[in-house]
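The values are calculated or read from the model by the stated rules, or taken from the named source; none is laboratory data. Keep in mind it's a predicted model, so treat the numbers as computed, not measured. A quick note on method: Cβ atoms are made from the backbone with ideal geometry, for glycine too, and the neighbour counts reach across all protein chains shown.
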Amino acid sequence: MNLFVRIRRFFALPVFDDEEKTRVAQLLHVILIVFALSTLLGMSVLVAPAWAHPTFETVFVTAAGVVMAAICVGLLALVRRGNIRLPAIVVSLVIWGFMTYWVIGVSGVRDSSILAYPLIVVIAGLLLGKRAAVVSTLVCAATIVVAYFIESSGLLPLAPQVLSIRHMIVPVTIVVMIGLLLRYAAGSLADALDNARRSERAQRQANQELNALREVLEQRVGERTASLERRSLQLEAAAQVARQAAGIRDVEQLLDETAHFISDRFGYYHTGIFLLDDLNEYAVLRAASSEGGQRMLARGHRLRVGETGIVGWSAGSGQPRIALDVGADAVFFDNPDLPETRSELALPLKVRDRVIGVLDVQSVEPAAFGEEDVAVLETMADQLALAIENAHLFQEAESRLREVSQLLARSSQEGWQRLTTSRPAWRYVYDRVDVRPAAPPEEAQVRIPLRVRETPIGQLSLQLGDRQPDPETMALVQAIAEQASQALESARLFQETQRALGEMEGLYRAIQAVSTEFDLERLTEKLVEEACRLLGADYGALVALDPASGAIRYFKTAGIAPGECTMTELPCGRGILQALLQGRTVRVDDLHTHPAFSGELPPNHLPIVSFLGVPLVYQNQVRGLLAVSNRATNPTFTAANERLLATFAAQATVAIENARLFDEARRRAEQERLLADISARVRGSVEIETILRTSIRELGRALRATDGLIRLGPAEGGKEETTIVQEETR
């Protein structure tokens, strides 16, 4: 099988890089194979029968044929190795030699075989080029001429034949014409081949450039595709971070999962998330993905803002910072817990231009962060900052919601406590005939509490007789109890709203009643009366202090019958009044049993039990107090009453201050008028005695003085000066 493959390869047409060389080699290859096969075929046909009686000619022809075939095979080997010229020359010479021998020794010039010489010219021109075509033309023409003259002279051992000059001219002409045609054809063919080669080379160069361009484009497309895939993965990771962040409300869980996700998805060595403290002085590590980061978390790692490391710089400036080579970055903080860091990226976490933290990413590769990485991580940092802010807001909202729920529950509990205290006999019984107020049954098969915001406000009891409550019955009773609880709460809130509206209307009427009064005596009387009416109190008292001295200027009461109170002095400086004058609000259900005020009431005091007092404060200064109280038969004061009285007291303080300022302005204007009148009368006289009399008289009248003195003369003690002396009013 291997021998057959080798033979097939040997006889296959040779191919070289040079197209012209390939053409000549393939033509020479075909000629040699034809010669070899023709030689062997001729020997087998012509010589084989002569071997029955071999002669010297038989042996010589056979040997010559074998040698010719061997030469052909050798020349084929040379052709396959790329040696073209020598086999081409040999083939051309062998053909020329064989034809010359045949013409001179066998056929003569008149034989048609003489026309084989043009074939020699063609073969030589095709194998060796146009120069060989010219040389072979000259050689073949000369050979024909020599053969003609030799044959004409009778020197050839052939039968004598009659020759004419045309037997020489015709073949020579044919050979020359074919040579010339072949010469020009070969030249044209060579030029065409050169053009073809140049075109081929240009085409090959263009193809190479196109291939190179295609490779570059394919490389760029591949790089761009890889970049787009990476970008797509990064954006997908950013979207996933956003989705996770949107679903997590706990800040610590959000930070921890985000740090691990960034490290796992992008293959970073360390991811840390810092948050600024309340004073914005330190960036505190709150989450980390690496083992070193966990150690840093355990010891409470923090960096000073604007001073320490890339994280501190980014937190202080609000700008991202990249260290592509941490060894060459002067700001880099060499952390022993992260010894393998080679590049670092710090991105500020900002919400509405306010830095709340820093996202710190570190890699073991130098220059690990490109523009696309920074862009994607900035997007993730913005999403993380927004998620952190939302989580904080959610926690604050939850906290406030809990506070509101607790406040509502406490308000509801206080409201129901007030209602049940004011009317403890709120009980109704159904006896299959009617609903009537009565005591609750001692025994009941079903007891369902009435609840409002988890606060029990009552109970629903049922006696079913011989029947036992089944699940459907219990579900129905439970549903009715819940609906009743909600309806009761709605009714209570409606009543509370109506009560608050009534209080606001009463407060408005009270303020309107005193807002147009500027006489302090009447104003203080109205204020204490309106306070009693507003809160429905039995007694009321108002104390107004002088702003300059702090002494009691006005003390007004309301609701006290003649002879009901024989107290000789106010209990100032101790007890309830002392607490009020110190700026504290006092609300006491029973003064006789309260530990802070028990025994503080002076003798002959009013028979009060419950008490509510608020200070009158103006510009952070206590200007007095306003208090109301009830006898034992009336209810105690509530927190709502306290707020209502405090609101009225604030308006009362403003009203008192306005009235005081109005009174001062009025008195100052009166003094200015008196001064102008006295001055006019004094300046209207030119008599000294008249001036003295007028001055002392008008001044005494204006000041309602009992007596006065004005004199001229040396001052007491010998000092010479003019003095006006006014005696004190008695």
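The figures follow:
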{"item": "Filter result (more than 21 Å from Ser232 (Cβ to Cβ), in contact with a helix residue (DSSP H, G or I) (Cβ under 7 Å, 6 or more places away or on another chain), of a type in the set (A, V, I, L, M) and surrounded by 17 or more Cβ atoms within 10 Å (Cβ to Cβ)) within region 348-386", "result": "Leu349, Val355, Ile356, Val358, Leu359"}
{"item": "Output for region 555-596, where each listed residue is modelled with pLDDT under 75 and touching a helix residue (DSSP H, G or I) at 6+ places or on another chain (Cβ under 6 Å)", "result": "Pro571"}
{"item": "Subset of region 296-326 [in contact (Cβ under 8 Å) with a residue 40 or more places away in the chain, under 24 Å from Ala367 (Cα atoms) and of a type outside the set (Gly, Ala, Ser)]", "result": "Ile310, Val311, Pro320, Ile322, Leu324, Asp325"}
{"item": "Subset tally (residues that are modelled with pLDDT of 70 or more and among the hydroxyl-bearing types (Ser, Thr, Tyr)) for region 403-429", "result": "4"}
{"item": "Helices (runs of 4 or more DSSP H) within region 1-104 that include 3 or more residues in contact with a Gly (Cβ under 9 Å, 6 or more places away or on another chain) and at pLDDT below 75", "result": "19-42"}
{"item": "Search result, residues across region 520-554 that are touching a Gly at 6+ places or on another chain (Cβ under 9 Å), of a type in the set (Gly, Ala, Ser) and either closer than 21 Å to Asn641 by Cβ or modelled with pLDDT under 80 (or both)", "result": "Ala531, Ala537, Gly540, Ala541"}
{"item": "The one condition in (1) surrounded by fewer than 15 Cβ atoms within 10 Å (Cβ to Cβ); (2) at pLDDT 70 or above that Gly154 fails to fulfil", "result": "(2)"}
{"item": "Some residue of region 378-399 being aromatic (Phe, Trp, Tyr), over 19 Å from Phe274 (Cα atoms) and touching a residue at least 60 places away in the same chain (Cβ under 8 Å)", "result": "yes"}
{"item": "Residue in region 278-290 that is under 23 Å from Gln395 (Cα atoms), in contact (Cβ under 8 Å) with a residue 60 or more places away in the chain and of a type in the set (Asp, Glu) present", "result": "no"}
{"item": "Filter result (over 53 Å from the mean Cα position of the chain (by Cα), under 12 Å from Val586 (Cα atoms) and either surrounded by fewer than 17 Cβ atoms within 10 Å (Cβ to Cβ) or in contact (Cβ under 8 Å) with a residue 40 or more places away in the chain (or both)) within region 614-659", "result": "Leu625, Leu626, Ala627, Val628, Ser629, Phe637"}
{"item": "All positions within region 615-643 that are polar (S, T, N, Q) and assigned to a strand (DSSP E or B)", "result": "Gln621, Ser629, Asn630"}
{"item": "Failed item, numbered, when Gln726 is tested on (1) modelled with pLDDT of 70 or more; (2) under 26 Å from Arg667 (Cα atoms)", "result": "(1)"}
{"item": "Filter result for Gly327 (assigned to a helix (DSSP H, G or I), at pLDDT below 85 and of a type outside the set (S, T, N, Q))", "result": "yes"}
{"item": "Selected residue [modelled with pLDDT of 80 or more and more than 30 Å from Ser290 (Cα to Cα)] from Glu344, Glu396, Glu378", "result": "Glu396"}
{"item": "Any hit, region 473-485, residues being more than 14 Å from Ile448 (Cβ to Cβ) and either of a type outside the set (Ser, Thr, Tyr) or in contact with a strand residue (DSSP E or B) (Cβ under 6 Å, 6 or more places away or on another chain) (or both)", "result": "no"}
{"item": "Cβ pairs under 9 Å, 6+ apart, first in region 81-96 and assigned by TED's automatic domain parsing to the domain that holds Ala116 and surrounded by 14 or more Cβ atoms within 10 Å (Cβ to Cβ), second of a type in the set (Phe, Trp, Tyr) and assigned to a helix (DSSP H, G or I)", "result": "Val91/Phe35; Val94/Phe35; Ile95/Phe35; Trp96/Tyr117"}
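So that you can scan it fast, the table gives a plain yes or no per residue for (1) within 22 Å of the chain's Cα centre (by Cα); (2) among the small types (Gly, Ala, Ser); (3) outside the structural domain of Pro366 (by TED's automatic domain parsing):
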{"position": "Gly267", "(1), (2), (3)": "yes, yes, no"}
{"position": "Asp277", "(1), (2), (3)": "yes, no, no"}
{"position": "Glu291", "(1), (2), (3)": "no, no, no"}
{"position": "Gly316", "(1), (2), (3)": "yes, yes, no"}
{"position": "Arg321", "(1), (2), (3)": "yes, no, no"}
